[in-house]
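Since the structure comes first, as structure tokens, the remarks are kept for the end.
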Amino acid sequence: MVRNAGRNIWTLPGGHVEKGETAEQCVLREVKEELGLEPTGAKFFADYDNITPIETDTLVRLHFFLIEAHSDLRSIDPEIEETMWVDSRYKGEKGELINSQKDFLIPALLTKRLID
């Protein structure tokens with residue numbers, strides 16, 4: 001998870017799909033730009049429609065992918081103030097998770113036994 005400077009909520013790295021780009025290409029680009037990670041690929045996990053605390057007046061479609069990367073989690077993007085790994089036991093000790101992760105993604109990953 002990442003926390004952008006000036007915000008008190010944790011999100012996944014990511015951004016908007018650029019013109020001519022697939023959602024998979026977008027996630028690979030964003031992970032590289034924000035974290036310096038170069039995963040070999042991304043496997044589609046789920047789409048989720050949500051109104052987020054960041055874009056409160058817009059319904060957004062979130063595309064979640066599973067990636068594998070072998071590196072420490074750190075930010076190379078100056079807009080990201082902090083990074084952390086979370087699992088289902090995270091109780092908000094370092095701040096709140098964005099609603100799509102808390103309400104949808106973590107329960108879905110647990111159901112498929114991809115996290116504990």
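The values are calculated or read from the model by the stated rules, or taken from the named source; none is laboratory data. Quick caveat: nothing in here was measured; it's all calculated off a predicted structure. Methodologically, a virtual Cβ is constructed for each residue, glycine included, from the backbone with ideal geometry; neighbour enumeration extends over all protein chains shown.
Quick look at the numbers
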read-out: Some residue of the stretch 16-25 being assigned to a loop (DSSP other than H, G, I, E, B), surrounded by 12 or more Cβ atoms within 10 Å (Cβ to Cβ), among the aliphatic types (A, V, I, L, M) and at pLDDT below 90; value: no
read-out: Verdict on residue 28 being under 20 Å from residue 115 (Cβ atoms), within 14 Å of the chain's Cα centre (by Cα), surrounded by 12 or more Cβ atoms within 10 Å (Cβ to Cβ) and not basic (Lys, Arg); value: no
read-out: Qualifying residue in the stretch 82-92 (condition: of a type in the set (A, V, I, L, M, F, W, C) and not in a loop (DSSP other than H, G, I, E, B)); value: no
read-out: Selection within the stretch 1-42 - small (Gly, Ala, Ser) and in contact with a helix residue (DSSP H, G or I) (Cβ under 7 Å, 6 or more places away or on another chain); value: 14, 15, 42
read-out: Checking residue 63 against (1) in contact with a Pro (Cβ under 7 Å, 6 or more places away or on another chain); (2) free of Cβ contacts under 8 Å to residues at least 60 places away in the same chain, the condition it does not meet; value: (1)
read-out: Selected residue (criterion: farthest from residue 104 (Cα to Cα)) from residues of the stretch 38-60 that are of a type in the set (Asp, Glu) and at pLDDT below 90; value: 38
read-out: Condition met for residue 115 (part of a loop (DSSP other than H, G, I, E, B), surrounded by 13 or more Cβ atoms within 10 Å (Cβ to Cβ) and either touching a helix residue (DSSP H, G or I) at 6+ places or on another chain (Cβ under 8 Å) or of a type outside the set (D, E, K, R) (or both)); value: yes
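Residue-by-condition table, conditions (1) hydrophobic (A, V, I, L, M, F, W, C); (2) in a strand (DSSP E or B):
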position	(1), (2)
33	no, no
37	yes, no
40	no, no
46	yes, yes
57	no, no
